[in-house]
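Student: The structure's right below; bear with me while I get my questions together.
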Amino acid sequence: MRNVLLMVGSGLPTLSTIVYIISVVQGKTKPHRTTYTLFVLITSLTFASLLASHDRSGIWLAGVSVLQTLAICGLAFKWGMGGKDPFDVLCVLLCVGGIAVWLATGESLIGLLAAIVADFLALLPALRKMWRHPYTEIWTFYALDTVAALAIVAAGPYGWRAVLYPGYLSSVNFLCVAIIAWRQRQKRIASLPLAQ
């Protein structure tokens, strides 16, 4: 069963990336340039940190995440949005600070915690974009990644260190689904003519 869950956990992000790429090429989705540029750096460092700590679960998801973010980052520069806003610059500086702490510690657990903080800081520009422009994102991408991370958590081992990274990913992807769905619903309701 564990092998099936690991396959689901590393396979669904591949599917979600294909769904996202199709949506970007069709002009429906506009990835945030700052977020995905930082994600390439962070996912690569997260993968290296998990590898160094001999992780047996989260490393599968981290490896797929590296490939996923590389593909989307490439598309973001052609079809994405953002990257020049002062808020983006602030997030970059804070994220780089988190990465510096991560690299300076030399301790895999502290490094992983700093990576999660840096990852969330990198996501802030995209979260703001989702809030303001919810139709520039596709919720299924984040939903598939939520299920993938939950499959990795379910595969075990079940210690808190092993579930920290995939648990974070499932939570943050679910947050993205919730924001997109809720804000799209609000925008639809706001566009309806008032009942006479």
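The values are calculated or read from the model by the stated rules, or taken from the named source; none is laboratory data. Nothing here was measured: the structure is a model prediction, and the numbers come from that model. Glycine gets a Cβ as well: all are built from the backbone with ideal geometry, and neighbour counts include every protein chain shown. For accessibility, only protein heavy atoms count, side chains too; no ligands or nucleic acids. Shrake-Rupley method; radii C 1.70, N 1.55, O 1.52, S 1.80 Å.
Student: Are there any pairs, at least 6 apart or on different chains, whose C-beta atoms fall under 8 Å, with the first in segment 170-183 and over 15 Å from Pro134 (Cα atoms) and assigned to a helix (DSSP H, G or I) and the second at pLDDT below 95 and among the hydrophobic types (A, V, I, L, M, F, W, C), and if so, which?
Tutor: That search, which allows pairs on different chains as well, returns Ser170/Ala149; Ser170/Leu150; Ser170/Val153; Val172/Phe120; Val172/Leu123.
Student: Do we have Pro157 as open to solvent by 80 Å² or more (accessible area, probe 1.4 Å) and over 19 Å from the mean Cα position of the chain (by Cα) here?
Tutor: No; evaluated as a whole, the condition is false for this residue.
Student: Under 8 Å by Cβ, and 6 or more places apart or on different chains, what pairs join a residue from segment 81-104 that is farther than 12 Å from Ala118 by Cα and in contact (Cβ under 8 Å) with a residue 12 or more places away in the chain with one that is open to solvent by less than 50 Å² (accessible area, probe 1.4 Å) and of a type in the set (Lys, Arg)?
Tutor: Met81/Lys129; Gly82/Lys129
Student: Among (1) more than 15 Å from Ser170 (Cα to Cα); (2) open to solvent by less than 40 Å² (accessible area, probe 1.4 Å), where does Tyr142 come up short?
Tutor: Only one criterion is unmet by Tyr142, namely (1).
Student: Quickly run through segment 4-36 and pick out the residues that are open to solvent by 30 Å² or more (accessible area, probe 1.4 Å), touching a residue at least 40 places away in the same chain (Cβ under 8 Å) and on the phi < 0 side of the Ramachandran plot.
Tutor: Filtering segment 4-36 down to residues open to solvent by 30 Å² or more (accessible area, probe 1.4 Å) leaves 4-5, 7-8, 11-12, 14-15, 18-19, 21-22, 25-28, 30, 33.
Still in the running and touching a residue at least 40 places away in the same chain (Cβ under 8 Å): 5, 8, 11-12, 14-15, 19, 21, 25, 27-28, 30, 33.
Within segment 4-36, Leu5, Val8, Gly11, Leu12, Thr14, Leu15, Val19, Ile21, Val25, Lys28, Lys30, Arg33 qualify.
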